[in-house]
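K.L.:
Have a look at the structure that comes next, please.
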Amino acid sequence: MKTISMLVILWMSIAVELAWSRSLPHGALVLPIACGIMFWMRSVTGILLSATALLIDWVARPGCLPLCPMLLPAIAACLISPSAKPDDYSSRRQSLAKMLTPLHLPFITLLAVSLQLISQLNLSSMPAAVDIQFAVKTSLPALLMISLPISAGISMLMRLADELGLRRASQHWI
Amino acid sequence: MRVEESRHGMWFAAIAMFVLSLLVTAADRTEMLSVLRSVLHDALSPGRLMLMAITPQPLDAGKRMSGSSPAKTAAATDLTAEQLQMLRQLMIENARLRRDLQRSKEATVVAEFVDPASSLTDYAMIPAQVISSSGIPGALRELIISAGKSAGITRSELVVDGNGAVVDVGSDAGVAAGDRVLSGSSVIGRVQKTGRWVSMVQPVTSADFRAQVQLLRTSDDGLHFGAVGMLEGTGTSECRLTGITYTDAVTVGDTVVSADINGVRGPRLFFGTVTSAEFLAGGQWDVRIQPGFTLAELDRVGIVRMSLQTDITAVSIAVDSRGPK
């Protein structure tokens, strides 16, 4: 049921981007949602679902290279794979890495947006300085303006779900 | 143990997606994804169409996004594009009038036979939105537009830029069946495949694109139609003109317009401009053409549809009944 819901969300997010392609930059909605699903599910299924959706999005609207479906699963696996070390509940001090856990989602979204911009450049030859400047000055703020608030919203929603016990214990942030 | 399994599973999934992405990239480079792309867009279309139906989109939403000063620049660009289109229309109309005048002079000796098919055909433009394009800006490989079989689109119909319409006047403006239609719209390509809600466009620069075209030349005496040849895509950003005999004159800057649409005489559409014309040793012309559109401008296009005008009698009666009494 959860997998089907996630599939519908991903399908709708691509459809929304296509419908409003003149006002929504490519990836502004799909990238934070795909990253959010990876972090929400924290499982192999989540990684496969999101990466497949990103790959489908690339097939539908191709760029130079599908960098997001290529690299994001590996980055996500680094961040969400369960630790082999048992949690030390006896000491109340939290490590810095754990304190920064809620920022992982906005961080991976930022990475995804950067990969998306790189993949839109013509990489068959050395990209011109003007193209890079245009991407950084125009496309990046437009993408971040939409994708970062969405990823922050998903991050808060996940925290809320944890607090309310709507996610399984193994999927909790802390 | 379960933790280890889960971690290994995630890394295996990541590596599998990396390999799959590489395979998909290779398939895209070899143009094996065309069918899949069309199917995917069709699968996504119900959601897209539903959203578009519930939220009316402003026509210039994309242009307004850039802020106030770029919006002014965009408006200025639009104006220039409109002026250019008007200029093309006038150039084509002027050349046509000159030819008609010359023909009417000759008609005193030779009777002129009118092509009966021309009075039976009717042209209309179906607007569509560009959903996605593949290829680099210099060499467009493929274009997907938001009109398919549900809009009556069939294979091989010409796709033109969205500025202006092929037919913008009807019988209310005194246009009757048989009147010739002129337009300065630039040809982008041809419908290659049609899905339920989307169509795939083969751009004029594609290596498989062919169209019969005619040169339009400016001289001291005005504008004249020149040689008829075949425009062929080269797979790069420019096209090639073949079939020009060595006795015909070709000069850089000549305008290239359509000679016919799918074998039927129809509106004169703009294909591009001659950028280089070299006379080869073998007695042949090597003519290169720069297409009349740029990828950055492509967000709205039009599909030129030809249909048979079967109710000419009804139109004539309607026009007569509206006439002065």
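K.L.:
Please count how many residues of the range B:1-34 are closer than 21 Å to A:Gln120 by Cβ, part of a helix (DSSP H, G or I) and within 8 Å of another protein chain (Cβ to nearest Cβ).
P.N.:
Adding up the residues that qualify gives 8.
K.L.:
What helices (runs of 4 or more DSSP H) lie completely within the range A:1-77 and have 1 or more residues being surrounded by fewer than 23 Cβ atoms within 10 Å (Cβ to Cβ), facing chain B (nearest Cβ under 9 Å) and out of contact with any Gly (no Cβ under 9 Å at 6 or more places or on another chain)?
P.N.:
Numbers: elements: A:2-19, A:30-41, A:44-60.
Because the criterion is at least 1 residues that are surrounded by fewer than 23 Cβ atoms within 10 Å (Cβ to Cβ), facing chain B (nearest Cβ under 9 Å) and out of contact with any Gly (no Cβ under 9 Å at 6 or more places or on another chain), the helices (runs of 4 or more DSSP H) in the range A:1-77 that meet it are A:44-60.
K.L.:
Right, B:Arg37: facing chain A (nearest Cβ under 9 Å), at pLDDT 80 or above and under 22 Å from the mean Cα position of the chain (by Cα) or not?
P.N.:
Values: facing chain A (nearest Cβ under 9 Å): yes; at pLDDT 80 or above: yes; under 22 Å from the mean Cα position of the chain (by Cα): yes.
It is true that B:Arg37 is facing chain A (nearest Cβ under 9 Å), at pLDDT 80 or above and under 22 Å from the mean Cα position of the chain (by Cα).
K.L.:
If you don't mind, there's one more thing I want to ask. Among the residues of the range B:267-288, write down those that are buried (at least 17 other Cβ atoms within 10 Å of the Cβ), at pLDDT 85 or above and either touching a Phe, Trp or Tyr at 6+ places or on another chain (Cβ under 7 Å) or of a type outside the set (A, V, I, L, M, F, W, C) (or both).
P.N.:
B:Gly272, B:Ala277, B:Arg288
K.L.:
Hey, does the range A:87-95 have a residue that's out of contact with any Phe, Trp or Tyr (no Cβ under 7 Å at 6 or more places or on another chain), at the interface with another protein chain (Cβ under 7 Å from one of its Cβ atoms), at pLDDT below 90 and not in a helix (DSSP H, G or I)?
P.N.:
No, the conditions are met nowhere in the range A:87-95.
K.L.:
Looking only at the range A:11-25, which residues are under 19 Å from A:Pro149 (Cβ atoms) and touching a Ser or Thr at 6+ places or on another chain (Cβ under 9 Å)? Can you show your working first?
P.N.:
At the first step, the residues of the range A:11-25 found to be under 19 Å from A:Pro149 (Cβ atoms) are A:12-13, A:16-17, A:20, A:23-25.
Those that are under 19 Å from A:Pro149 (Cβ atoms) and touching a Ser or Thr at 6+ places or on another chain (Cβ under 9 Å): A:Trp20, A:Pro25.
K.L.:
I need every pair where a residue in the range A:66-78 that is farther than 14 Å from A:Leu55 by Cα and in contact (Cβ under 8 Å) with a residue 60 or more places away in the chain has its Cβ under 9 Å from the Cβ of a residue that is assigned to a helix (DSSP H, G or I) and of a type in the set (Phe, Trp, Tyr), sequence separation at least 6 or different chains.
P.N.:
none
K.L.:
Let me ask something additional. Listed residues B:Gly47, B:Gly62; which is within 29 Å of B:Lys193 (Cβ to Cβ), at pLDDT 55 or above and part of a helix (DSSP H, G or I)? Can you show your working first?
P.N.:
Details: B:Gly62 fails: at pLDDT 55 or above.
None of the others qualify; the one that does is B:Gly47.
K.L.:
Continuing with the same structure: Mind listing whichever residues of the range A:99-129 are touching a Phe, Trp or Tyr at 6+ places or on another chain (Cβ under 6 Å) and surrounded by fewer than 20 Cβ atoms within 10 Å (Cβ to Cβ)?
P.N.:
The first filter runs over the range A:99-129 and keeps only residues touching a Phe, Trp or Tyr at 6+ places or on another chain (Cβ under 6 Å), leaving A:101, A:105.
Selection gives A:Thr101 alone.
K.L.:
Let me ask something additional. Of the residues B:Gln214, B:Gln202, only one is polar (S, T, N, Q) and under 23 Å from B:Arg96 (Cα atoms); which?
P.N.:
Numbers: B:Gln202 fails: under 23 Å from B:Arg96 (Cα atoms).
Of B:Gln214, B:Gln202, the one residue that is polar (S, T, N, Q) and under 23 Å from B:Arg96 (Cα atoms) is B:Gln214.
The values are calculated or read from the model by the stated rules, or taken from the named source; none is laboratory data. Predicted, not measured: the structure shown is a model, and the values here were computed from it. Don't worry about glycine lacking a Cβ; one is built from the backbone with ideal geometry, like all the others, and counts go over all protein chains shown.
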